1. Among the residues of segment 34-42, are any touching a helix residue (DSSP H, G or I) at 6+ places or on another chain (Cβ under 6 Å), within 18 Å of H6 (Cβ to Cβ) and at pLDDT 85 or above?
2. For segment 32-48, which positions are within 22 Å of D129 (Cα to Cα), surrounded by fewer than 18 Cβ atoms within 10 Å (Cβ to Cβ) and either of a type in the set (A, V, I, L, M) or within 9 Å of the chain's Cα centre (by Cα) (or both)?
3. For G65, which of the numbered conditions (1) modelled with pLDDT of 90 or more; (2) touching an Asp or Glu at 6+ places or on another chain (Cβ under 7 Å) fails to hold?
Amino acid sequence: MILFFHGTKAELKIGDLLEPQYLSNYQDKKSNYIYFTATLNAARWGAELARPGSKERIYIVEPLGDFENDPNLTDKKFPGNPTRSYRSKSNLKIIAELSSWERHSDEEINHMLASLKKLTEEGKNVIYD
């Protein structure tokens with residue numbers, strides 16, 4: 001069985017559904033998809049880089065419909081899909097929350113935020129949604 005993760009700062013409960021068409025964690029727009037991953041490292045980044053709010057969380061999720069490789073990462077930034085990142089227009093069901101996980105260092109997070117800011121300033125921080 002493959003575990004899928006969703007990193008966020010949203011406070012959710014077991015059994016809740018993550019749905020598309022909600023405000024993106026990363027841009028000022030509604031997202032047509034819900035994004036998730038099969039790697040804990042990518043989920044960590046999702047939680048750490050999500051819009052400020054409550055504490056960082058990683059949920060174990062179950063896709064309730066079809067999904068595809070996330071084209072924002074697959075072959076655009078990383079050949080193939082090493083981050084095992086996916087997206088779906090169907091809901092994800094919260095199965096569990098990871099109670100503990102190791103954050104990236106503050107230095108790594110600040111470096112990533114600076115890199116994303118630079119991409120935004122250059123008009124290159126685009127999410128194909």
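The values are calculated or read from the model by the stated rules, or taken from the named source; none is laboratory data. Here the structure is a predicted model, which means the values were calculated and not measured. Cβ sites come from the backbone with ideal geometry, for glycine too, and all protein chains shown count toward neighbours.
1. Step one: list which residues in segment 34-42 are touching a helix residue (DSSP H, G or I) at 6+ places or on another chain (Cβ under 6 Å), which gives 37.
Checking which are within 18 Å of H6 (Cβ to Cβ) leaves us with 37.
Narrowing the set further to residues that are at pLDDT 85 or above leaves 37.
Yes, segment 34-42 contains at least one residue that is touching a helix residue (DSSP H, G or I) at 6+ places or on another chain (Cβ under 6 Å), within 18 Å of H6 (Cβ to Cβ) and at pLDDT 85 or above.
2. A38
3. (2)
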